[in-house]
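The values are calculated or read from the model by the stated rules, or taken from the named source; none is laboratory data. For clarity, every value in this text was computed on a predicted model and none was experimentally measured. Note that each Cβ is placed from the backbone with ideal geometry, even for glycine, and that neighbours are counted across all protein chains shown. With ligands, DNA and RNA removed, areas are computed over all heavy atoms of the protein, side chains included. Shrake-Rupley method; radii C 1.70, N 1.55, O 1.52, S 1.80 Å.
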Amino acid sequence: GNRVMIFSKSYCPHSTRVKELFSSLGVVYNILELDQVDDGASVQEVLTEISNQKTVPNIFVNKVHVGGCDRTFQAHQNGLLQKLLQDDSAHDYDL
Ligand code: GSH
């Protein structure tokens, strides 16, 4: 199922790095480019509230907040990312 959700901005280099990481791992992700949707600013406000993170990219794996680009690469390095990806108990995201 669809397990990875990336809130991104199309011009953001950190977002690009995260997209490339998941692609290189062969992981299919859902993505919302906040600069390309009408209500992107309100989505970003809600994201700040629920994740306490103001910046993009903002990554969730199986409904667990991973963080931004740095945190996602960290999680890849220390094995947490693979663990989160293996948790298929969560429901798919519907966007
Ligand atoms: N250290 C952060 C990470 O690892 O994700 C860098 C993220 C960052 O600086 N993102 C910029 C941002 O969100 C866009 S490239 N700026 C505020 C905004 O767009 O509202």
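Odds and ends about this structure:
- Dipole magnitude of segment 37-78 about its Cα centre (Cβ charges: Lys, Arg +1; Asp, Glu -1), debye to nearest 20: 260 debye
- Accessible area of SER24 in the full protein assembly, 1.4 Å probe (Å², nearest 10): 90 Å²
- When only Cα pairs below 8 angstrom with a gap of at least 6 residues are kept, the chain shows a relative contact order of 35 percent.
- The gain in end-to-end length when the ASP87 to HIS65 segment is fully stretched comes to 6.6 nm, 0.36 nm per residue minus the alpha carbon separation.
- A Förster radius of 35 Å, combined with the Cβ-Cβ distance separating GLN77 from ASP39, puts the computed FRET efficiency at roughly 0.55.
- Close Lys pairs in the chain (alpha-carbon distance under 18 Å; sequence gap of 8 or more, or different chains): 5.
- The packing ranking of peptides 53-64, 71-82, 32-43, highest mean first, is 53-64, 71-82, 32-43, where packing means the average number of other beta carbon atoms within 10 angstrom of each residue.
- Size estimate for segment 1-52 follows the Kirkwood approach: the inverse of mean 1/r over distinct Cα pairs works out to 11.8 Å.
- Charge dipole magnitude, Cβ of K and R +1, D and E -1 - the chain, Cα centre, debye nearest 20: 420 debye
- Positive dipole terminus of the chain, leading residue within TYR11, GLY40, VAL66 (C-beta point charges): VAL66
- Rounded to the nearest 10 degrees, the angle from helix 13-24 to the longest Cα principal axis of the chain is 30 degrees.
- The share of accessible area on the chain that comes from carbon and sulfur is 48 percent, using a 1.4 angstrom probe.
- What you get for segment 6-52, charging only the Cβ of Lys and Arg (+1) and of Asp and Glu (-1), is a dipole of about 300 debye around the Cα centre.
- Rounded to 10°, Cα long-axis angle of helix 69-78 versus longest principal axis of the chain: 10 degrees
- Our helix-only sum for the chain, with -39,500 (n - 2.57) per DSSP H run of n ≥ 4 divided by its residues, gives a mean residue ellipticity at 222 nm of -13000 deg cm²/dmol.
- q = 0.16, 0.19 Å⁻¹, the chain: log10 I(q)/I(0) [Debye, one scatterer per Cα]: -0.60, -0.87
- Within segment 1-68, percent of DSSP bridges classed antiparallel, to nearest 5: 60 percent
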